[in-house]
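These notes are about the structure you will find just below.
Here, each number is a calculation from the coordinates, and none is a lab measurement. Note that the structure is predicted; figures quoted are calculated from it, not measured. Reconstructed Cβ throughout: ideal geometry from the backbone, glycine too, with neighbour counts over all protein chains shown.
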Amino acid sequence: MSRTIRKICGRLSTELKRLVGREVRVDILADVLEIAEGEEHWRKAVEGYLNTQKFYLLIEPEHYQKALAFYDEIKGDYSGRSFGLMDIAKLRERETIKPWGDSLAQKIETDNELARAYIDYLLGRVVC
């Protein structure tokens, strides 16, 4: 699975560079998340909850629509695989979730603001 998602990530990156004229960061969610120090015992809970969502792709919101159009063109090449694009702009528009202090979201560290928004949304109300 990781080889497939990396291939998709590369194809999206290349296409966005062609369309935009510069490098556009495309990250795999799992690659930008870390379990907080001292919270390793929560790893299985986090991984179980994320399941295949850990393969979702993070794309700068201003380039999401271009990425989605290309993704729709190529996704048939990878049928049966669990991956997707996250529309963080729409998520931020509709949701303003501050994670609870005792939530599973608090067990995850990331410097990626797109990943942080998604994790806070997804795990911010999952009580440990």
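So which trypsin sites (Lys or Arg not before Pro) in region 23-125 pass both tests, a DSSP loop state and at most 14 other Cβ atoms within 10 Å of the Cβ? Intermediate values should be presented prior to the final figure.
Working: sites: Arg25, Arg43, Lys44, Lys54, Lys66, Lys75, Arg81, Lys90, Arg92, Arg94, Lys107, Arg116, Arg125; in loops: Arg25, Arg81, Arg125.
Those satisfying the criteria are Arg25, Arg81, Arg125.
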Q: Return the single residue from Phe70, Phe55, Phe83 with maximal mean-square fluctuation; model: Gaussian network over the chain, springs between Cα atoms under 10 Å.
A: Phe70
**Q.** Under Karplus coefficients 6.51, -1.76 and 1.60, residue-wise ³J(HN,Hα) of region 25-39 in Hz, glycine/proline x
**A.** 5, 10, 10, 8, 3, 4, 6, 10, 10, 9, 6, 4, 4, x, 10
Q) Given +1 on the Cβ of Lys and Arg, -1 on the Cβ of Asp and Glu, and no further charges, what dipole in debye does region 24-128 carry about its Cα centre, rounded to the nearest 20? A) 360 debye
Q. For region 1-72, what is the charge dipole size about the Cα centre, in debye to the nearest 20, if Lys and Arg each add +1 at the Cβ and Asp and Glu each add -1 at the Cβ?
A. 500 debye
Q) Okay, helix-only estimate at 222 nm for the chain: each DSSP H run of n ≥ 4 adds -39500 (n - 2.57), divide by all residues, round to 500 deg cm²/dmol; what do you get? A) -13500 deg cm²/dmol
(Q) Treating the chain as a set of equal point scatterers at the Cα positions, no solvent, please give the Debye-formula log₁₀ I(q)/I(0) at q = 0.09, 0.23 Å⁻¹. (A) -0.27, -1.37
Q: For region 10-64, would you read off the P(r) tail past 20 Å as a percentage of all alpha carbon pairs?
A: 39 percent
Q) Quick one: how many lysine pairs in region 1-111 have C-alpha atoms under 22 angstrom apart, if they're 8 or more apart or on different chains? A) 18
Q. Along the charge dipole of the chain, Cβ charges K/R +1 and D/E -1, which of Gln65, Tyr78, Ile108 sits furthest on the positive end?
A. Tyr78
Q.
Taking R0 as 22 Å, what FRET efficiency do you get between Glu60 and Glu37 from their Cβ-Cβ distance, rounded to the nearest 0.05?
A. 0.15
